[in-house]
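Working notes, structure below.
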Amino acid sequence: MAATDTMTVQVVTREGQQLRVPLEEGHATLMHALYDADIGVEASCGGCAACATCHVLIDEAWVDRLPPRRPEEDTLLRFQAHFDPRRSRLSCQLDVEPALDGLVCAIAPEE
Ligand code: FES
């Protein structure tokens, strides 16, 4: 099933606002959707797992439904001040796929 505009994720912004962000055609990863929503995800490395400005905290209920962190993602996240061993993910490393529909996450505080 291709990503469509009927798929959404629920996002809590740094200001505490709860938003529904669409996952649309052309959004290869969750980072692309958050970036397009213009809600504070800089994604300054463009998705290379090199900047951590796409850091999100996954809702506890969703953590085990996602694929595990790859080593490069894990290494970068462990250097972040707001690293949460269970909930931290780089949104650029989460591919948009049907299993992501309804995901709940929060944008991590700025470093
Ligand atoms: S966009 Fe830079 S690490 Fe994800």
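Values for this structure:
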item	result
FRET E, pair Glu60, Glu111, Förster distance 35 Å, beta-carbon r, rounded to 0.05	0.95
Lys/Arg +1, Asp/Glu -1 at C-beta; the chain dipole; positive extreme among Val11, Leu34, Ile58	Ile58
Rough spin-label spacing in nm, given labels placed 7 Å along Cα→Cβ, for Asp95 and Glu42	2.9
Scattering profile of region 7-107 at q = 0.16 Å⁻¹ [log10 I(q)/I(0), Debye over alpha-carbon scatterers]	-0.59
Cα-centred dipole magnitude for the chain, charges only on beta-carbon of K, R (+1) and D, E (-1), debye, nearest 20	340
Accessible surface, per residue, of the chain when the full set of protein chains is kept, probe 1.4 Å, Å²	53
Using a Förster distance of 25 Å, the FRET efficiency for Phe83-Ala50 (Cβ separation, nearest 0.05)	0.95
Candidate residues Cys45, Cys92: accessible-area rank, largest first, probe 1.4 Å	Cys45, Cys92
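The values are calculated or read from the model by the stated rules, or taken from the named source; none is laboratory data. Please read these numbers as outputs of a predicted model, since none were measured by experiment. Virtual Cβ from ideal backbone geometry, glycine too; neighbours counted across all protein chains shown. The accessibility values were calculated without ligands, DNA or RNA, using every heavy atom of the protein model including side chains. Shrake-Rupley method; radii C 1.70, N 1.55, O 1.52, S 1.80 Å.
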